[in-house]
Structures are given as C-alpha cells and as structure tokens.
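*Asks:* Okay, here's the structure, questions in a sec.
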Amino acid sequence: MAHNPILKQQSISRTDLGFKIEHNTVGLLYQGHQYTRLLQPGEGPTMNERLARGELIVYVIDLVPHVLTWRVHLPTKDDKDFFSATVNLRYRVGRDEHDENSFKRIVGERVTDTEILLTRTLEPLLRQISRSLPLNQHIKADAALTESIQQADLLASCSLKLVDPADVVIDLTEDDRRRIENLDKIERAMRVVSMTRCTAALPTKEPAYRFQTTASINYRVQNASELPSDSLEEAMQQLWPAIERALRRESQNYTVDQVSQAEAAMQSAVDRLLDDGKMQGSGLQIVSMQVSAELDEIARQHRFELEKVKHAADLQAAEIAGLERNIGFYDKLIEKGEMGLLAISVQKGEISYEALANRMNQQQRERLDARMKLLEKLRSDNIRDEEHEWEIYKTLIDNVAGDVVDHKRPALPPPQAVPQLPDSQGNKDEPK
C-alpha cells in the first residue's frame, strides 16, 4: 500500500491563528518559497512570521512508523535460479522529530510514496548480495540479505530509518527444493567421489540370449558449468552410451556358460578406457568402474537345460567308469555262485541285470532269475520298510547257502504222502 509521507501542504493566512502541528507529525514552514524552520507538534507560525512578506506554506510530514511487506525475486549465482524473498520492514521518515534535513529532502524531492522509495533503494543492494550465492545456500542468503538491509544507511540514501530489525524470508517451492537437492549433490560430487549404477541387457554369442550387466561407477563432477542439467543421473546418461558400446563389443564373444569370462573381458575393456582417459565428458570424470554380469531369465533357463544335459552325460560316464572299476568284484561273485548277493545288488541298483546277464552262461542266468523271483516274493510277503530289509536279505542269503550245500549232496527221495485226517465232523473220505 502506497505511503505518502507528506500528509498535506497548507497555505497559512495572516488571520488563520488556529493552525497547529498535530501529534506524530512535524511541519516544514516555507515563506516566499524559502525554508524558514521546523514546526514541532503543537506549534504554528508566529505573529511575526504571519505579518512578514511572502506566502506562508507548511508541509506536514508523517512521523508514524509504517510497515512494508515486500515480495521480491532476486537472481542467484546461477542465472537459472532466483530467490523468492519476502521482506518485512517497519520504518519511519527521518531519524527523529528534529531531523529537519531528512524532512527537507522529502519535500525537496517531492516524495509521494516511501514504499517505492525504499524498494528502489534496497533492491540493487539485495541483488548484489543474492548474485554471490547459489540457490542451495538459501539459508546463508537469508542471513546475508537481512544483514545488508540492517547495515544500509537509509537516512543518507532516502531519508528513512528502520524502527525494528529487518526480517527477510526466502520462500521455497517444491521445484526449488528438488533443485536444491540436485545442487547439493553436484557440490558434494565436486568434493568427493560419488557412485551410481547403470544396467544393460547385452548380447551373448547366441543371439537369443542376454547378459544382464551392471556397472558400478565411481565419478566426480569436474566442471559444473558443463553439466547438461542439474541432474547427475542425466549427465551420466551422456557418458553411458560409449561405455555400453565397449561392453557390448566384448559380451557378444561369449556363450551363456561363459559368464565369468565375459565379465572379465568387459572389465578389461572399461579399464582400458579409463587408462586412455576416455571416461570423461559432460562435466563428469569417471574415476573407476566395476562390471558384473549374470544371465537374464531366458538365458538362465537355457543354461539350466544345458547343465541338465551335461550332468546326465557326466553321470552316465561316471556310472560306466564305476561299473568298469567294480566289474571284477561281480565276476568273483558269479564264479562263486553267489546269486543271492548278486540279486540283492541288482535290486539295490548297484549293477544292472543286463550287465550281469551278459557275463553269465545259461545255467547261471537261470539261477540268478530264480533268486530274483525269490527276492521279489520275500519283499512282497513282508512290510516294506527299513526294519525288515535285513530280514529279507538274510532269508535270501540263507536260502542260497542251503542251495549251495544241497546241490553238492545226493538227491533225497521224494517225501511220503501224509495220510489225511478226518474232518471236523468225523467223516472220512471215501476211497477212490
């Protein structure tokens, strides 16, 4: 709101004896356009001043303190930003009610709005302070702006005086806060090394499959003025394509089962770029980089299938090798006629029936078949749990041992028929 410090300009006639200066005002008396003196509250022109030649004019100056709330946009050190500040001032005209020089300047310069006078006086000073600081130093800027107003000689420059200390508040929007966060990151990255991660799906030697590659990048800001934006992530994206090309050239030379070799080759490629000084630009310098690689989901499934096939082949080869190592043991059992033990070995999966049958003659095969059938019968007649396994095997071995003894002694005559007993009703079978 405009504030005119000159409340009124009044001509005083010789007969106007009741004119007095009111409280909280002073009057500047001019006679014949010449300044005569300062009138304090309760005073008016004297009779001599009234009778003297020349028109009497009194300029009544307001001494009441006024409040100014001033919103101003001030440039920062970076022309991309500005400080949006609210300045609260409580001021008055002149140093005190006796400061006639200040009052004369107000009248002489025909000031009609002290708020405009004050802001025009202070703004160049505030802009000079604000241009020395970036947006992320808004707290320091707030204090510096306040101090600059306090130290300003307003009486000398515009005949005004602060009644209370100035209050400057820098208002921050959400965009300002995001910008401040990015500026803080940039400043930190200029002092210490920062880290970020970039990822890419790079081709393997097999076009259908990919390495999922992660590059952990340590970097610093080399020249903040060259950054393409206030986002370090966006600045890094300017460098990443060249790095990705170098990684791609290496990754495509390796298959899905050569992950570690591909990772080592990609690491060597970026190390060479670092050694050659080619890892800088867009205001950034890459200090070091660690590359890691793994298979993506499709490639991982493909490798799993390959591993299954390889594992099956390895297992088959191991079984063949194991059989070849143990075949002598089974030959000795065949030679001794230990068909029960051989049947147990087949049942437990230690050797296949075909592998044994191929090493036996017809008679031995028939005996092995008999023991296999006996083993199946014993197992079917007993509860199939670990508690009875030994009993089954013991019965089979005992049976075989008895068979070995029996085939060495003369055959016994067939057993005599046992007479039939009467049935439970006392009847006898009729003879046939």
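*Asks:* Please pull out the direction-averaged projected area of segment 185-295, using the convex hull of its alpha-carbon atoms, in nm² to one decimal place.
*Replies:* 6.4 nm²
*Asks:* Filter the GluC sites (Glu not before Pro) in segment 36-142 to those in DSSP coil with at most 14 other Cβ atoms within 10 Å of their Cβ, and list the result.
*Replies:* Glu55, Glu109
*Asks:* Oh, and also: When a footprinting reagent is the concern and you count Cβ atoms within 10 Å, what order do Met279, Met190 take, fewest first?
*Replies:* Listed from fewest to most nearby Cβ atoms, that is Met190, Met279.
*Asks:* Using Cβ counts within 10 Å as a stand-in for footprinting exposure, how do Ile170, Ile139 rank, fewest first?
*Replies:* Ordered from fewest to most neighbouring Cβ atoms within 10 Å, Ile170, Ile139 come out as Ile139, Ile170.
*Asks:* Report the local net charge at Asp271: Lys and Arg +1, Asp and Glu -1, summed over other residues whose C-beta lies under 13 Å from its C-beta.
*Replies:* That works out to -2.
*Asks:* A 30 angstrom limit on the alpha carbon distance is what I want to check against. Which of Lys104/Lys140; Lys80/Lys140; Lys161/Lys185; Lys336/Lys373; Lys140/Lys278 exceed it?
*Replies:* Lys104/Lys140; Lys161/Lys185; Lys140/Lys278
*Asks:* At a 10 Å Cβ-Cβ cut-off, how would you order Leu17, Leu122, fewest neighbours first?
*Replies:* The most exposed by this proxy come first: Leu17, Leu122.
*Asks:* Oh, and also: Quickly rank 10-16, 287-293 as a protection proxy: mean count of other C-beta atoms within 10 Å, highest first.
*Replies:* 287-293, 10-16
*Asks:* I would also like to ask the following. Based on alpha-carbon centroids, what's the gap between segment 343-376 and segment 27-53 in Å, whole number please?
*Replies:* Computed from Cα coordinates, the inter-centre distance equals 143 Å.
Every number in this text was worked out from the coordinates using simple rules, so none of it is lab data. On a predicted model such as this, the values are computed, not experimentally measured, just so you know. We place every Cβ from the backbone using ideal geometry, glycine too, and count neighbours over all the protein chains shown.
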